[in-house]
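The values are calculated or read from the model by the stated rules, or taken from the named source; none is laboratory data. These figures come from a predicted structure and were not determined experimentally. Cβ atoms come from the backbone with ideal geometry, glycine included; neighbour counts cover every protein chain shown. Heads up: the accessible areas ignore ligands, DNA and RNA and are worked out on the full protein's heavy atoms, side chains in. Shrake-Rupley method; radii C 1.70, N 1.55, O 1.52, S 1.80 Å.
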Amino acid sequence: MITNKKPRSSDTDSNYMRDDRTEMSEDDDRSPPSNSITHDSSPTRTCTPGPGSGSSSVPEYLAPYPDQVLENVLENVLWFLTSRKDRNAASLVCRSWYRVEALTRSDLFIGNCYAVSPKRAMSRFTRIRSVTVKGKPRFADFNLMPPNWGAHFAPWVSAMAMTYPWLEKVHLKRMSVTDDDLALLAESFSGFKELVLVCCDGFGTSGLAIVVSRCRQLKVLDLIESEVSDDEVDWISCFPDSETCLESLIFDCVDCPIDFDALERLVARSPSLKKLRLNRYVSIGQLYRLMVRAPHLTHLGTGSFSPSEDVAQVEQGPDYASAFAACKSLVCLSGFREIIPDYLPAINPVCANLTSLNFSYADVSAEQLKPIISNCHKLQIFWVLDSIGDEGLQAVAATCKELRELRVFPVDPREDIEGPVSEVGLQAISEGCRKLQSILYFCHRMTNAAVVAMSKNCPDLVVFRLCIMGRHQPDHVTGEPMDEGFGAIVKNCKKLTRLAVSGLLTDRAFAYIGKYGKIVRTLSVAFAGDSDTGLKYVLEGCPRLQKLEIRDSPFGDAALLSGLHHYYNMRFLWMSACKLSRQGCQQIAQVLPRLVVEVIKHEDNVDMDEYVDTLYMYRSLEGPRDDAPQFVSIL
């Protein structure tokens, strides 16, 4: 929090507020309010002498802050301002708004755990009840970052324990969390209600046991794609024996057996439970028992969706379809991790109400999918494996007219095979699902014509990620680069903010992105580009670019240096297996001293003299971090 008494028009104060805000937000619009908003000084309150008093007996009094009444009104108004972007803009109006906005903010978002220190964040925002912190960059999900890089939760939870005794919610993404961290969290916040860990690691079932046993008001425990070690601790049994407040329990990523009897009792005494996602150790027979006890579920992750070995030979099993039919409120279905397709028709009774269906672990064919998807007329989100082929995607396009998000993942990620989905499936989706806003599509072959068709048929696209597996793959019909396809996407999709490109691309594709991608915030590039000119087009033409991820591309020092004017405005830049020299990276660090420039060395590369393995750059109010491992050099 700013404590000096400099005038509001002070350049130092204004820049400090702007810098402090940008490091604590993911919003891309960091410009101050327009000049039409005047920053007049606060009215001066003067104590005027009363009747009969000498004019010199009462000195003039200048208030150090704006009128308290107006400030109280402002505080009441800002309580209703929930958008981070709106709040950040409000904090830049003047010092009074800056102070009041901080006092009324209850949710703290940190887009990069190294961009600001816990001490700085918590000295400014003192009344926080919900904290979200993000750690490693996204490419860490693809094993492109060595283990033990950092992003430790320990300093954050230690600071929160001293500053936020009333904290209720913690959301972490790609952070390193230990059992001790979870123990401190559970001990420090008596009213703690919500813990969400996405793509986190470092903790185990021991830590979970401490959280569920001590946080007696816990409503949400969501473990999503996190690595949880098996400490042979029965954490499910550690929930309180009394009726719980649980509303959401997600543990499908916990890859170890659980005490099912304890889970069944927990579900029975959790009347508010709406979301439940099970791991692969829960059989379809056990799922049936849970559904009978909790027919009020709205979100269900089915577990393995196959019978356990001891009952697999029983001829007459439970009526699974009736259990699903009883779940009248079910709108989101996922799981199916070890699916036996013969059981799939059991979900037919709920298909008509589904708005979200996740088959990304279910290796099903088009013929197995068709009877299911033909009933999903309300579906808005669909994740699936490419095992359904183009035929399955055509079935989706024929039925799911309300689809907003589609993700197609590969069963076999190898590059040297002919995958089951292609431009045929993509074109069918674009023609049948005109309301599509987000797509992630893995394939082995594609054409410009199909991508151009999608840009015209789905102009509301906000996210377009096309991953053509196999390096430098051209249009497989014409043999031409994929430039025109991606160019059409950025030209015709006016709402596009996230783009991932792949395939054979020349500098022309990047020229299109620079010319038309004026609101693109996140750009991912893999195995693409001709020369440094391509990246220059992007850095000079995309003013709102926040996150730039590049791997295995020919961009070098000249391309890197072309973005000097923009790096302070970006969340981060990641470049791995490119043609960057250490000298080029060093030059960036010298010219932009408030940018943290990390050069990461991988174990399988002993020679870094010519090109660096990985460059990771991010803005920070704190300067270089003090927990960098030996394989990280901070320039």
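Below, the figures for the structure above:
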read-out	value
Odd one out for Ala326, checked against (1) open to solvent by 20 Å² or more (accessible area, probe 1.4 Å); (2) of a type outside the set (D, E, K, R); (3) under 23 Å from Gly425 (Cα atoms)	(3)
Conditions (1) modelled with pLDDT of 75 or more; (2) closer than 17 Å to Arg124 by Cα; number of the one not met by Asp86	(2)
Top-ranked residue of region 335-358 - restricted to ones that are part of a strand (DSSP E or B) and open to solvent by 10 Å² or more (accessible area, probe 1.4 Å), ranked as farthest from Ile224 (Cα to Cα)	Ser356
Residues (within 24 Å of Cys332 (Cβ to Cβ), open to solvent by 30 Å² or more (accessible area, probe 1.4 Å) and either among the polar types (S, T, N, Q) or over 31 Å from the mean Cα position of the chain (by Cα) (or both)) located in region 250-271	Ala268, Arg269
Test: residue in region 211-231 that is closer than 26 Å to Asn358 by Cβ, open to solvent by 20 Å² or more (accessible area, probe 1.4 Å) and among the basic types (Lys, Arg)	yes
Any hit, region 367-387, residues being of a type in the set (Asp, Glu), open to solvent by less than 50 Å² (accessible area, probe 1.4 Å) and more than 30 Å from Leu266 (Cβ to Cβ)	yes
Matching option when the condition is closer than 23 Å to Leu369 by Cα and in contact with a helix residue (DSSP H, G or I) (Cβ under 6 Å, 6 or more places away or on another chain), among Val501, Val408, Val490	Val408
In region 388-422, the residues that are β-branched (Val, Ile, Thr), touching a Leu at 6+ places or on another chain (Cβ under 6 Å) and open to solvent by less than 60 Å² (accessible area, probe 1.4 Å)	Ile388
Test: residue in region 472-483 that is modelled with pLDDT of 95 or more and not in a loop (DSSP other than H, G, I, E, B)	yes
Residue check, Glu225 among the charged types (D, E, K, R) and at positive phi	yes
In region 578-600, the residues that are of a type in the set (Val, Ile, Thr) and within 25 Å of the chain's Cα centre (by Cα)	Val596, Val597, Val599, Ile600
Index of the failed condition, Ser190 passing every other in (1) farther than 23 Å from Leu300 by Cβ; (2) modelled with pLDDT of 95 or more; (3) not β-branched (Val, Ile, Thr)	(2)
All positions within region 466-482 that are at positive phi and open to solvent by 30 Å² or more (accessible area, probe 1.4 Å)	His472, Gly479
Criterion: open to solvent by 10 Å² or more (accessible area, probe 1.4 Å), in contact with a helix residue (DSSP H, G or I) (Cβ under 9 Å, 6 or more places away or on another chain), under 15 Å from Phe382 (Cβ atoms) and assigned to a helix (DSSP H, G or I) - qualifying residue of Ala449, Ala453, Ala428	Ala428
Scan of region 285-319 for residues that are over 31 Å from the mean Cα position of the chain (by Cα) and either outside any loop (DSSP other than H, G, I, E, B) or modelled with pLDDT of 95 or more (or both), ordered by number	Gly285, Gln286, Tyr288, Arg289, Val292, Arg293
Residue among Glu598, Glu622, Glu610 that alone is modelled with pLDDT under 95, acidic (Asp, Glu) and more than 30 Å from Met482 (Cβ to Cβ)	Glu622
Unmet requirement for Phe486, which otherwise passes all of (1) surrounded by 24 or more Cβ atoms within 10 Å (Cβ to Cβ); (2) of a type in the set (Phe, Trp, Tyr); (3) under 24 Å from Ser620 (Cβ atoms)	(3)
Subset of region 110-139 that is touching a Lys or Arg at 6+ places or on another chain (Cβ under 6 Å) and aromatic (Phe, Trp, Tyr) - its residue that is least open to solvent (accessible area, probe 1.4 Å)	Phe125
